[in-house]
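The values are calculated or read from the model by the stated rules, or taken from the named source; none is laboratory data. Being a predicted model, the structure only gives us computed values, none of them experimental. When the accessible area is computed, the model is the full protein with side chains, heavy atoms only, and any ligands, DNA or RNA have been set aside. Shrake-Rupley method; radii C 1.70, N 1.55, O 1.52, S 1.80 Å.
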Amino acid sequence: MTPDETAPSPEPKRKRAVSRECPVCGSEAWRIAYGMIMPSAREAMPENTEFAGCCIDMEIREYPATGKTEMGIPKWACQNPECRHRWW
């Protein structure tokens, strides 16, 4: 390659599809993505990402394992429509 030539930009790498088990019901849970995400960035994210929009609200919840009250921004959401537990 000569100094005048530019290397083609590499294709964006897709992130692995990662899911977790919901600590409440045991169903599959997906990572939550916040913000206005451009289409090219959405394509690079795993297909099982839950897009939550721009509003990031602090949530108060009771942690199921300890029973203690916690406050935070959820990063995971259960995909079971009867549970929909969200946690960080």
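At a glance:
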read-out	value
Accessible-area value, Cys25, 1.4 Å probe, nucleic acids and ligands omitted, Å²	60
For region 29-42, Karplus couplings with θ = phi - 60° (6.51, -1.76, 1.60), whole Hz, Gly/Pro x	10, 10, 5, 9, 10, 9, x, 8, 9, 5, x, 5, 6, 4
